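The block underneath contains the structure these notes are about, expressed in structure tokens.
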Amino acid sequence: MVANIRSRPSPSGALYYNKEKVDKDEAEVLLWQKMLEPFNKHGRMDIDACMESFRPYLEANRRTTNTVFHVSLNPSPEDRLTDERLRDIAREYMERMGYGEQPYIVFKHKDISREHLHIVSLRVDEQGRKLPHDFEARRSMEILRDLERKYGLHPSLKDKDKSELRK
């Protein structure tokens, strides 16, 4: 599994990107935590409700510039995962990354040959304090290796031993 972590000043861009995918039926909302219902009365994704969920955290913050944590988690194309397994992976990943108590929303993208996840959250807590994100990429990679072992997933190509690839 490979993670691509991005940081931005506002969650609106990541939310609109994912909403566009949902509207095109190229993605769906799998899970949300500590957020208002992300759908309006017509069953469409509601960006305002999502932003309202993030607002208290963003308003409490006065110093952190890039408050958004947006990650895509990409399993190997050989891995066929149920929605429940994807939810479990997303929850455990966020918990172990230190964002388990944050508001977040998880999208399953199906716009390419392999399904993958996008998770949008915040790097600031309810008091506006920045959450520790030192060595975030390294920690993420270690967590993903553990999740691959735990759930019997194919390791990412990048991590395979180079000598094994030359055989």
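Quick notes on this one:
- Residue, nearest to Ile112 (Cα to Cα), within segment 46-77, restricted to residues that are part of a helix (DSSP H, G or I) and aromatic (Phe, Trp, Tyr): Phe54
Residue by residue, here is whether (1) at pLDDT 95 or above; (2) under 13 Å from the mean Cα position of the chain (by Cα); (3) buried (at least 16 other Cβ atoms within 10 Å of the Cβ) holds:
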{"site": "Asn4", "(1), (2), (3)": "yes, yes, no"}
{"site": "His42", "(1), (2), (3)": "no, no, no"}
{"site": "Asn61", "(1), (2), (3)": "no, no, yes"}
{"site": "Asp79", "(1), (2), (3)": "no, no, yes"}
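- Taking segment 95-140 as the range and being at pLDDT 95 or above, of a type in the set (A, V, I, L, M, F, W, C) and outside any strand (DSSP E or B) as the test, only Met97 passes.
- Pick from segment 6-40, criterion part of a strand (DSSP E or B) and aromatic (Phe, Trp, Tyr), ranking: least open to solvent (accessible area, probe 1.4 Å): Phe39
- Residues (of a type outside the set (Phe, Trp, Tyr), touching a residue at least 40 places away in the same chain (Cβ under 8 Å) and touching a strand residue (DSSP E or B) at 6+ places or on another chain (Cβ under 9 Å)) located in segment 95-114: Met97, Glu101, Gln102, Pro103, Ile105, Val106, Lys108, His109, Lys110, Asp111, Arg114
The values are calculated or read from the model by the stated rules, or taken from the named source; none is laboratory data. Because the structure is a prediction, the values reported are computed rather than measured. Reconstructed Cβ throughout: ideal geometry from the backbone, glycine too, with neighbour counts over all protein chains shown. In case anyone asks, the SASA skips ligands and DNA or RNA and just uses the protein heavy atoms, side chains included. Shrake-Rupley method; radii C 1.70, N 1.55, O 1.52, S 1.80 Å.
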